[in-house]
Amino acid sequence: MRRSALPNLAWAALLAASTGLLWAFTPTWVPLALLGGSAALTLLVGLYLTARPARSEDEDEERDIPDVSLATVGLAAGIAVAGLGLVAGAWLAYIGAGVAAFGALGLLRERRVRE
Amino acid sequence: MSTLAPQEPPAPRLDPIGALAGTDHKRLGVRLVVTAFAFFLIGGVLALLVRTELAAPGMQVLSEDAYNQVFSMHGSVMIYLFVTPIALALGVYLVPLQVGAAEIAAPRMALLGYWLYLLGGLVALSGFFTAHGAAKSGWAAFEPLSDEPYSPGSGMDLWLVGVVLATLGTIALAACVLGTLLSRRAPGLTLMRMPVFSWSMLVTCLMVLPAFPSLVLAFGLLYVDRRLGGVFEGAGGATAYQQLFWFYGHPVVYVMFFPFVGAVAETISTFSGRRFFGYPVTVVSLLVFTALSMSVWAHHMYTSGQVENRYYALTSTALLVPAGVEYFGFLATMWGGRIRLKVPMLFALGFVVQFLVGGVTGIFVGSPPLDYAVHDTYWVVAHFHYTLFAGSVFGLFAGFYLWFPKVTGRMLGERLGHGHFWLMTIGTNLTFLPMFFLGEAGMRRQVANYEAGRGLEGLNQLATAGAFLIALSILLFLVNVARSVRSGRPAGDDPWGGQTLEWATSSPPPRLNFDRPLPPIRSYAPLLDLREEAEDIGDAALGRAVR
């Protein structure tokens, strides 16, 4: 087992124990779903961390992240404008979605240039 | 600690594109801190408006409607836009350095998180410029107060959209910090060799990932409810909303607490010249602490009569055990240490003493019979300000003074720092201590006015005076930062005699963090190991010379 998964697995176990205790007190489903869902989510992340292949040191050295990423800023601005569209109207949501799409395309381009 | 005279740090260069879109975690961390601090100043001005209004009975400077907007936005700005993001900002800047990584995991996602947070904050605040004004149903936006009939207008919708955007941003930031901790550690830096601050960030991020989506869900459904209705109907609907909200709303209190526990632990061990006492027990207690913190959310709903009070009273009281372990660690680390009362240590001690007031009064409100008595009074306001301001913000300043030399390469002024600490300590206690008595006297929270002649005036005036003292202390701090950034004394790599890896590189650190090989990592305090080894070698040589 990969040790980096240990905090997630330990924490999932603690949350599951807490969910069990809650269940002993009350069968109401909303709180049980919230706490139990958190335990399950944390367990899934822990299992993913356990199963994923280890990173090699070469792989770490090969990583080449650009110093600036305007595409990421574009994506964030697009999401925010689309969110504003929920208040101002669908027209703004469409503009925001368009800007976000441009940002996402820019991110893909950054990735291709790197490869 | 370096013995050579520290060199002048390189002058910061103008780089507008990098300032907007740079992916370096250090630039991002600084940007997050500056942005969060700007929001803190806005939230602080709103707090001063609240306190000015409450200095005397009757309406002075605000209308009742404006008061509702101001106190709602004060709470929102402080929680969603200041303390939570700045807690994560510390992790964004420091965690890669502490674990010996060249950069943060998924730096573009961290950049995305920053921009979502900033733009979300601006959207939430833009409600002030709408016809009906900003959100006015408190930071929790309880149903049905936050419904369209009771909170009409687009200000409330902008607030919902803005807070959701900012929260998505903080989730992204937490994911990057967690990824760094789990997958980017330097060779030899095992989980049990991570510094206490890094552990505190790990447990913080573990809480963010399951708890924060609950707020996104609650506010998303609230938005639909405001537009279409039928989501949170009747008493059951209001309770369901509160369950979703508090499943975020209580863990976030700990998200705003644990990083500062870590900062205080680093400060205390550094300025006591000792390893943090009981490291393995502290790590386990942090995990237990966070799991319990996820299990206490409905103690905010005791008086609703819709939750199982016994379970939440049990888990809330059980929080005492891991909290006691942390406190024991603080005290035992100082015990017998060579304590240096520099400004970071003063703030750390301020945190330890004042958070105790917040923590102990938390046990009161964790008990249903006592909570029924003080629910929705100023007693609760006093309690949570002792945890979040007298605790977390003091912890933040401990970390700020501790790591400022690493970030800028310059020391913060010591005299202004002392002034900042003492003014803020006096102001904090003058503001929040009277609120316990106001609450006991029955003064309700979130109300713009109170009756004259009930003996509430004097205590309210004290609280208002204290709030202005806090503002003055923050002004001193800003002057100190402005002066020190330009002409502060050069700090060198390790001005305090630090114990963890961030002190093993230049100040400020280079683009990929380390410009020299890392020291051997045999514990969570590798630089202290090196110093102790050097002392042992020195002692042995001295012993040989004497023999």
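Yes/no matrix, rows are residues, columns are (1) within 14 Å of chain A (Cβ to nearest Cβ); (2) at pLDDT 95 or above:
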residue	(1), (2)
B:84	no, yes
B:96	yes, yes
B:102	yes, no
B:110	yes, yes
B:113	yes, yes
B:119	yes, yes
B:139	no, yes
B:147	no, no
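Pairing each residue of the range B:356-379 that is of a type in the set (A, V, I, L, M) with any residue that is assigned to a helix (DSSP H, G or I) and surrounded by fewer than 17 Cβ atoms within 10 Å (Cβ to Cβ), provided the two are 6+ apart or on different chains, yields C-beta distances under 7 Å for B:363/B:317; B:363/B:320; B:370/B:364. Only one of B:397, B:437 is modelled with pLDDT of 95 or more, part of a helix (DSSP H, G or I) and buried (at least 21 other Cβ atoms within 10 Å of the Cβ). Can you tell me which? Being modelled with pLDDT of 95 or more, part of a helix (DSSP H, G or I) and buried (at least 21 other Cβ atoms within 10 Å of the Cβ) holds for just one of B:397, B:437, which is B:397.
Scanning the range B:449-484 for residues that are assigned to a helix (DSSP H, G or I) and either among the polar types (S, T, N, Q) or at pLDDT below 95 (or both) gives B:460, B:461, B:464, B:473, B:480, B:484. Among the residues making up the range B:236-278, those that are small (Gly, Ala, Ser) and not in a helix (DSSP H, G or I) are B:273, B:278.
Yes or no, residue by residue, for (1) part of a helix (DSSP H, G or I); (2) small (Gly, Ala, Ser):
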position	(1), (2)
B:146	no, yes
B:149	no, no
B:157	yes, no
B:162	yes, yes
B:178	yes, no
B:189	no, no
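Taken residue by residue, the range B:166-178 has at least one member that is over 25 Å from residue A:67 (Cβ atoms) and within 12 Å of another protein chain (Cβ to nearest Cβ). Filtered by the rule that a residue be of a type in the set (Phe, Trp, Tyr) and away from chain A (no Cβ under 13 Å), the range B:276-301 gives B:276, B:277, B:279. Just for the range B:442-461: of the residues that are closer than 17 Å to residue B:383 by Cα and in contact with a helix residue (DSSP H, G or I) (Cβ under 8 Å, 6 or more places away or on another chain), which one is surrounded by the fewest Cβ atoms within 10 Å (Cβ to Cβ)? Only one residue tops the list, namely B:444. Scanning the range B:505-527 for residues that are crowded, with 17+ Cβ neighbours inside 10 Å and either of a type outside the set (Ser, Thr, Tyr) or in contact with a Leu (Cβ under 6 Å, 6 or more places away or on another chain) (or both) yields B:508, B:509, B:513, B:514, B:521, B:525, B:526, B:527.
Every residue, every condition in (1) under 18 Å from residue B:203 (Cβ atoms); (2) in a helix (DSSP H, G or I); (3) at the interface with chain B (Cβ under 8 Å from one of its Cβ atoms); (4) touching a residue at least 40 places away in the same chain (Cβ under 8 Å), yes or no:
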{"residue": "A:4", "(1), (2), (3), (4)": "yes, yes, yes, yes"}
{"residue": "A:7", "(1), (2), (3), (4)": "yes, yes, yes, no"}
{"residue": "A:14", "(1), (2), (3), (4)": "yes, yes, yes, no"}
{"residue": "A:23", "(1), (2), (3), (4)": "no, yes, no, no"}
{"residue": "A:30", "(1), (2), (3), (4)": "no, yes, yes, no"}
{"residue": "A:33", "(1), (2), (3), (4)": "no, yes, no, no"}
{"residue": "A:36", "(1), (2), (3), (4)": "no, yes, no, no"}
{"residue": "A:41", "(1), (2), (3), (4)": "yes, yes, yes, no"}
{"residue": "A:53", "(1), (2), (3), (4)": "no, no, no, no"}
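Can you confirm whether residue B:266 is at negative phi, within 12 Å of chain A (Cβ to nearest Cβ), out of contact with any Cys (no Cβ under 8 Å at 6 or more places or on another chain) and among the charged types (D, E, K, R)? Taking the combined requirement at face value, the residue does not satisfy it.
Looking at (1) among the basic types (Lys, Arg); (2) more than 30 Å from residue B:520 (Cα to Cα); (3) under 20 Å from the mean Cα position of the chain (by Cα), which is the only condition residue B:108 fails? Of the numbered conditions (1) among the basic types (Lys, Arg); (2) more than 30 Å from residue B:520 (Cα to Cα); (3) under 20 Å from the mean Cα position of the chain (by Cα), the odd one out for residue B:108 is (3). When only residues in the range B:302-351 that are small (Gly, Ala, Ser) and within 14 Å of chain A (Cβ to nearest Cβ) count, which is farthest from residue B:238 (Cα to Cα)? Taking the candidates together, the pick is B:318.
Note on the range B:31-68: residues that are buried (at least 22 other Cβ atoms within 10 Å of the Cβ) and either in contact with a strand residue (DSSP E or B) (Cβ under 7 Å, 6 or more places away or on another chain) or polar (S, T, N, Q) (or both) total 1.
Sort out which residues of the range B:214-252 are at pLDDT 95 or above, farther than 19 Å from residue A:37 by Cα and aliphatic (A, V, I, L, M), and write them in order of number. Result: B:222, B:224.
The values are calculated or read from the model by the stated rules, or taken from the named source; none is laboratory data. Keep in mind it's a predicted model, so treat the numbers as computed, not measured. Please note: Cβ atoms are built from the backbone with ideal geometry, for glycine as well, and neighbour counts cover all protein chains shown.
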